[in-house]
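Below is one structure; the comments refer to it alone.
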Amino acid sequence: MSKPVRVAMIGLGFGAEFIPIYQAHAGAEVVAICRRNEVELNKAADQFGIEKRYTDYAALLADPDIDYVHINSPIPDHAWMSLQALDAGKHVMCTVPMATTIDECRQIVEKVKETGLKYMMAETVVYSREFLFIKQMYEKGELGKIQHLAASHPQDMDGWPSYWEEMIPMHYATHVVSPCLGLTDALAEYVSCFGSGEVRESIAKKSGNRFAVESCHIKLKDSDVSAHIWRFLYDVARQYRESFDVYGTKKSFEWTLIENEPHVLHTAKKPEAEIAEKIEVPDFAHLLPAEIQKFTLPSEIHDADHLSFVQGGGHGGSHPHLVHEMVSAVREDRDPWPNAVTSANWTCVGLCAHESATKGGEIVKLPEFTLQS
Ligand SMILES: NC(=O)c1ccc[n+]([C@@H]2O[C@H](COP(=O)([O-])OP(=O)(O)OC[C@H]3O[C@@H](n4cnc5c(N)ncnc54)[C@H](O)[C@@H]3O)[C@@H](O)[C@H]2O)c1
């Protein structure tokens with residue numbers, strides 16, 4: 001495909017961040033945008049100079065000038081919007097999570113197989129500079145054999161849109177699942193999860209979940225390694241964190257406890273006082289086409305006041321990497337990473353984990369359709 005990929009952006013909260021990146025990318029153009037509120041739609045379209053404006057998603061999908069949709073709508077809308085887009089012959093990039101039920105994940109995986117269209121879950125963590133740094137060390141053999149993985153995502157959601165009150169911590173777990181599985185390109189085989197503490201009654205009623213914290217072990221398929229992840233959304237005192245720790249035989253990486261302080265690298269067999277070293281993680285903009293390299297910088301974040309960036313530290317410079325991966329996959333006619341099966345496996349870890357928590361930690365196996373990548 002030599003012509004630029006024609007993208008439509010759906011949802012213009014977090015979604016608006018990606019528009020200038022697509023507009024700068026030589027292989028892409030933003031041909032349309034969609035949001036329900038017409039006044040806000042026109043404001044964004046004028047700001048970014050986009051002609052085609054849709055308040056109705058179905059009308060957008062009927063537009064033959066669109067190759068793929070990038071979905072950034074609220075979580076309950078991810079699955080049906082992805083399915084309708086695939087039915088309309090559009091490739092899909094969708095923000096996390098893929099869906100909120102195992103059955104919806106299955107439907108998306110099946111539809112991608114049937115149609116041959118591309119699907120990518122836009123997981124920011126596996127394109128963050130920290131993940132790319134750790135992955136590079138792993139691939140060069142600097143970490144040695146991986147012995148254990150751990151990730152945490154505490155986030156106090158008071159102040160976010162109220163639909164978050166209906167969410168269950170492990171139903172939004174891809175930011176912790178994805179680095180643990182993505183580092184060695186493993187899939188999850190089964191999980192065991194414990195719930196801990198309790199949220200205030202109003203949240204428990206809305207979400208149907210009473211646990212404040214959910215803490216889960218993941219068994220990696222075809223591997224002797226397991227991972228530990230934990231999450232909360234409400235009623236626990238802790239600063240935002242999206243951490244990833246990797247323990248290898250030669251080196252281990254531990255995330256800082258306090259946002260914006262240096263991470264720590266441990267090296268085995270050194271004198272005790274020299275084992276731990278604070279490090280600066282380099283940027284990975286050089287992996288990108290020159291015209292979008294600047295977008296890894298926090299200064300290029302379009303809406304720096306959005307709580308997502310205040311809390312998420314600009315998502316580790318991941319946005320231009322996500323855009324470039326999906327645009328390249330469509331143009332090169334290859335699967336993006338993560339593809340539909342991998343996205344389903346990552347998403348279903350959280351869905352199975354919550355099921356396990358409701359059964360007192362019983363082991364729950366990942367569904368078969370998420371294991372055949
Ligand atoms: N690190 C990350 O991966 C990350 C960070 C932030 C947000 N997100 C995800 O991005 C999504 C959006 O988050 P947000 O904070 O921007 O939410 P938001 O509520 O501020 O924005 C949602 C947008 O979707 C639009 N929308 C909703 N329903 C629609 C419909 N039927 N048709 C067209 N447009 C519709 C709304 O008009 C709005 O513009 C969420 O799913 C969230 O999980 C991911």
Can you return the aspartates and glutamates within cross-link range of Lys251? Criterion is Cα-Cα under 16 Å, with same-chain partners fewer than 8 residues away left out.
Glu130, Glu139, Glu142, Glu272, Glu274, Glu277, Glu280
Dipole of the chain, positive end: most advanced residue of Tyr234, Pro20, Gly49 [Cβ charges, Cα centre]
Tyr234
Along the Cα→Cβ direction, 7 angstrom out, place labels at Thr101 and Lys145. What is the inter-label distance in nm?
4.3 nm
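Rounded to the nearest 0.05, what FRET efficiency do Leu257 and Ala290 give with R0 = 45 Å and r taken as the Cβ-Cβ distance? Could you check? Provide the component values of the computation, followed by the final result.
Values: r = 36 Å, r/R0 = 0.81.
Efficiency for this residue pair is about 0.80.
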A correct fewest-to-most ranking of Phe194, Phe18 by other Cβ atoms within 10 Å would be Phe194, Phe18
FRET efficiency, Trp80 to Glu368 (Cβ-Cβ, R0 25 Å, nearest 0.05):
0.60
Between Pro20, Pro64, Pro76, find the one with the highest GNM mean-square fluctuation for the chain; connect C-alpha pairs within less than 10 Å.
Pro64
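How big is the charge dipole of the chain about its Cα centre, in debye rounded to the nearest 20, if each Lys and Arg gets +1 on its Cβ and each Asp and Glu gets -1 on its Cβ?
On the way: 35 positive and 53 negative charges, 110 e Å.
Its charge dipole is roughly 520 debye.
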What is the fewest-to-most order of Lys118, Lys205 by other Cβ atoms lying within 10 Å of their Cβ?
Lys205, Lys118
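Evaluate E = 1/(1 + (r/R0)^6) for Glu114 and Phe194, where r is the Cβ-Cβ distance and R0 equals 35 Å; express this FRET efficiency to the nearest 0.05. Display every interim value, and only then the final one.
On the way: r = 38 Å, r/R0 = 1.09.
Efficiency at R0 = 35 Å is approximately 0.40.
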Could you work out the helix-only [θ] at 222 nm for the chain, with each DSSP H run of four or more residues adding -39,500 (n - 2.57) and the total divided by the number of residues, to the nearest 500 deg cm²/dmol?
-9000 deg cm²/dmol
Against the longest principal axis of the chain, how steep is helix 129-139, in degrees 0 to 90 to the nearest 10, with axes from Cα atoms?
60 degrees
Among Lys113, Lys251, Lys90, which one shows the highest mean-square fluctuation when the chain is modelled as a Gaussian network with alpha-carbon springs under 10 Å?
Lys113
For the chain, state the semi-axes of the equivalent ellipsoid (square roots of 5 times the eigenvalues of the alpha-carbon gyration tensor), sorted largest first and rounded to whole angstrom.
32, 24, 21
Would you work out if segment 93-171 is rounded, prolate or oblate? Take a ≥ b ≥ c from the square roots of the eigenvalues of the alpha-carbon gyration tensor; rounded if a/c is under 1.5, else prolate when a/b is larger than b/c, oblate otherwise.
oblate
Students often check this: by mean Cβ neighbours within 10 Å, which of 43-51, 320-328, 142-150 ranks highest, and how do the rest follow?
320-328, 142-150, 43-51
Can you tell me the orientation of helix 78-87 relative to the chain, as the angle in degrees between its alpha-carbon axis and the longest Cα principal axis, to the nearest 10?
50 degrees
Of Pro169, Asn209, Val125, which is farthest along the charge dipole of segment 112-210 in the positive direction, counting Lys and Arg as +1 and Asp and Glu as -1 at C-beta?
Val125
Report the Cys residues of the chain lacking a disulfide-compatible partner, meaning no second Cys Cβ under 4.7 Å from their Cβ.
Cys34, Cys94, Cys105, Cys180, Cys348, Cys352
Could you give the nm distance between label points at Glu40 and Glu201, where each point is 7 Å from its Cα heading toward the beta carbon?
3.3 nm
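May I ask which of Lys52/Lys118; Lys250/Lys278; Lys145/Lys294 have a Cα-Cα span longer than 25 Å here?
Numbers: Lys52/Lys118 23 Å; Lys250/Lys278 17 Å; Lys145/Lys294 34 Å.
Beyond 25 Å: Lys145/Lys294.
Could you list Tyr240, Tyr172 so that the one with the fewest beta carbons within 10 Å of its beta carbon is first and the one with the most is last? Walk me through the numbers on the way to the answer.
On the way: Tyr240 15, Tyr172 21.
So the ranking, lowest neighbour count to highest, is Tyr240, Tyr172.
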Cut-off 10 angstrom, C-alpha nodes, Gaussian network model of the chain. Which of Met121, Met170, Met137 fluctuates the most?
Met137
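Readers should treat all values here as calculations from the given coordinates under stated rules, not as data from a laboratory. Predicted model, so just to flag it, every value in this text is computed and none were measured. Because the Cβ atoms are built from the backbone with ideal geometry, glycine has one as well, and the counts that use them run over all protein chains shown.
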